[in-house]
Amino acid sequence: MTTPIESRGYARGEALVSTDWAATHLQDPSVRIIESNEDMLLYPTGHIPGAVQVDWTADLNDQVRRDYLSREAFEALASRIGITPETTVVFYGDKNNWWACYAFWVFQLFGHTQARVMDGGRLKWDQEGRPTTREVPKYAATTYRARERQDGPHRAFRNEVLAHVRAKGQLVDVRSPEEYSGARMHMPDYPNEGALRGGHIPGARSIPWARAINADDGTFKTADELREIYLQEHALKPTEPTIAYCRIGERSSHTWFVLRYLLGFSNVRNYDGSWTEWGNLVGAPIEK
Amino acid sequence: MLPSALRDVLDTFALVSDPVDRANLLIDFANRFRPVPPEIATPPYPADHLVPYCESEAYVWLVPQADGTANLHFAVENPSGISAKALASILASTLSGLTPEEIEQVSPDIVEQIFRQNISMGKGMGLMAMVQAVQALARAARQR
């Protein structure tokens, strides 16, 4: 039995909702439930009734450059899924909510702070035998005026990471130990999305992202358990600027969520260029 | 030249342009997926049948038959790996019963033709690796 979210001691626990909460808000017009997965074919096989799909490749990334969608594209996306800046968006998805956290993170670049993650994601919803449907809901298009994308507070770029390394700032490598050591160039069993060099950014602590999760139901560990991992075991300080990275930025957006919302780190950014940029950068320092 | 049963499937996909219809077609194939029967292999599956680069932990077997043809079998261990199951289902149903020479004619290009916009960045590599694994097994069977 998972501890209720409100008794887990999170710094900003309001960013997390339970499956119970989601189930009681399926008809709530001020709430939009959004599914994000690695495989875009998973949503159409069955999803939470009323949930829309936001896909990381088709919806959240620029279709030409390696970058996120523009303000105009975000407004069009928001309109398509029928949300306004006041709508509470609740993200959930496959595998410990990794892509759900990524989508949540991209929404923060546009300042959509009425955002939540559904604890346990698809796994817990299914385990509890809750209803799913293949019916894709239709919502009336909205007009959403977004601000320009503000990368600064949540996103780190390579030159900032380099300066951070030189200043001996806190870095968290959330990939597998094999990727961190450079023994393996990609996630175990995952496609090698191209890096010419293996290893990690100098000074980075190795804290694989899924350590924050209870494997049996995909829920987040309690604040005490998380502090044990990030603060005691790895001596991270919540007041120090922190940058997390992985291979393409999805696993590190999960850790970004944990550090910022569950543990209350005051300044944490996701380096989405991650290893597929760093491991290809000419002259970038690497530790093995 | 691609085997005709596979060409028929590709022709079907070529006729369906709506992304939702294409997704449903792919899901129908995924639903028809049947994992490798226990008389061929049981979990945990041996690593030498694992498809490299496939995120869905796909395994493949090519089993030669007495009449000179071969049957293909797959296992997909990631329950969320709908794309991998769809491709495995297509490959197994259209290539089983052919000779290794015929099976080897399959090409990784079919991944783009089948999935088109229903694919995420980086996913194509794993799916193409499934096709390449089939080709490699067929080549090995032919040379045996």
Exercise. Limited to the stretch B:99-128, what total is found for residues that are within 14 Å of the chain's Cα centre (by Cα) and outside any helix (DSSP H, G or I)?
Worked result: 6
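Residue-wise test of (1) within 14 Å of another protein chain (Cβ to nearest Cβ); (2) open to solvent by less than 20 Å² (accessible area, probe 1.4 Å); (3) within 16 Å of residue B:135 (Cβ to Cβ); (4) part of a helix (DSSP H, G or I).
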{"position": "B:23", "(1), (2), (3), (4)": "yes, yes, no, yes"}
{"position": "B:27", "(1), (2), (3), (4)": "yes, yes, no, yes"}
{"position": "B:78", "(1), (2), (3), (4)": "yes, no, no, no"}
{"position": "B:88", "(1), (2), (3), (4)": "yes, yes, yes, yes"}
Exercise. Could you say whether any residue in the stretch A:75-86 is open to solvent by 10 Å² or more (accessible area, probe 1.4 Å), over 19 Å from residue B:23 (Cβ atoms), touching a Phe, Trp or Tyr at 6+ places or on another chain (Cβ under 7 Å) and polar (S, T, N, Q)?
Worked result: yes
Seminar exercise, completed: Here the residues within the stretch B:108-144 that are open to solvent by less than 80 Å² (accessible area, probe 1.4 Å), polar (S, T, N, Q) and over 19 Å from residue B:27 (Cα atoms) are B:135
Exercise. Does residue B:55 satisfy being among the acidic types (Asp, Glu) and open to solvent by 30 Å² or more (accessible area, probe 1.4 Å)?
Worked result: no
Exercise. Out of all the residues in the stretch A:89-108, which are free of Cβ contacts under 8 Å to residues at least 60 places away in the same chain and among the polar types (S, T, N, Q)?
Worked result: A:108
Exercise. Can you find a residue in the stretch A:241-248 that is out of contact with any helix residue (DSSP H, G or I) (no Cβ under 7 Å at 6 or more places or on another chain), within 14 Å of another protein chain (Cβ to nearest Cβ) and not in a helix (DSSP H, G or I)?
Worked result: no
Problem set entry | Failed item, numbered, when residue A:72 is tested on (1) of a type outside the set (Val, Ile, Thr); (2) assigned to a helix (DSSP H, G or I); (3) closer than 21 Å to residue B:123 by Cβ; (4) open to solvent by 50 Å² or more (accessible area, probe 1.4 Å) | (3)
Exercise. Which condition number does residue B:62 fail, the rest of (1) outside any strand (DSSP E or B); (2) away from chain A (no Cβ under 11 Å); (3) in contact (Cβ under 8 Å) with a residue 40 or more places away in the chain being met?
Worked result: (1)
Exercise. Given the structure, is residue A:179 free of Cβ contacts under 8 Å to residues at least 24 places away in the same chain and either in a helix (DSSP H, G or I) or open to solvent by less than 40 Å² (accessible area, probe 1.4 Å) (or both)?
Worked result: no
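Could you check, for the stretch A:22-40, whether at least one of its residues is within 14 Å of chain B (Cβ to nearest Cβ), more than 24 Å from residue A:212 (Cα to Cα) and not in a helix (DSSP H, G or I)?
yes
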Exercise. Pairs, please: C-beta under 9 Å, at least 6 apart or cross-chain, first residue within 13 Å of chain A (Cβ to nearest Cβ) and in the stretch B:116-139, second among the aromatic types (Phe, Trp, Tyr) and part of a helix (DSSP H, G or I)?
Worked result: B:116/B:13; B:120/A:56; B:121/A:56; B:123/B:115; B:124/B:115; B:127/B:115
Problem set entry | Selection status of residue B:41, in a loop (DSSP other than H, G, I, E, B) and open to solvent by less than 70 Å² (accessible area, probe 1.4 Å) | yes
Problem set entry | Search result, residues across the stretch A:104-159 that are at positive phi, assigned to a loop (DSSP other than H, G, I, E, B) and in contact with a Gly (Cβ under 9 Å, 6 or more places away or on another chain) | A:120
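Surrounded by fewer than 20 Cβ atoms within 10 Å (Cβ to Cβ), modelled with pLDDT of 95 or more and of a type in the set (A, V, I, L, M): does that describe residue A:109?
So residue A:109 does not fit the description; no.
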For this session: Name, by its number, the condition in (1) among the aliphatic types (A, V, I, L, M); (2) open to solvent by 50 Å² or more (accessible area, probe 1.4 Å); (3) at pLDDT 95 or above that does not hold for residue A:196.
Result: (3)
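The values are calculated or read from the model by the stated rules, or taken from the named source; none is laboratory data. Being a predicted model, the structure only gives us computed values, none of them experimental. Note: ideal-geometry Cβ built from the backbone for every residue, glycine included; neighbour counts use all protein chains shown. All accessible areas refer to the heavy atoms of the entire protein, side chains included, with ligands and DNA or RNA removed. Shrake-Rupley method; radii C 1.70, N 1.55, O 1.52, S 1.80 Å.
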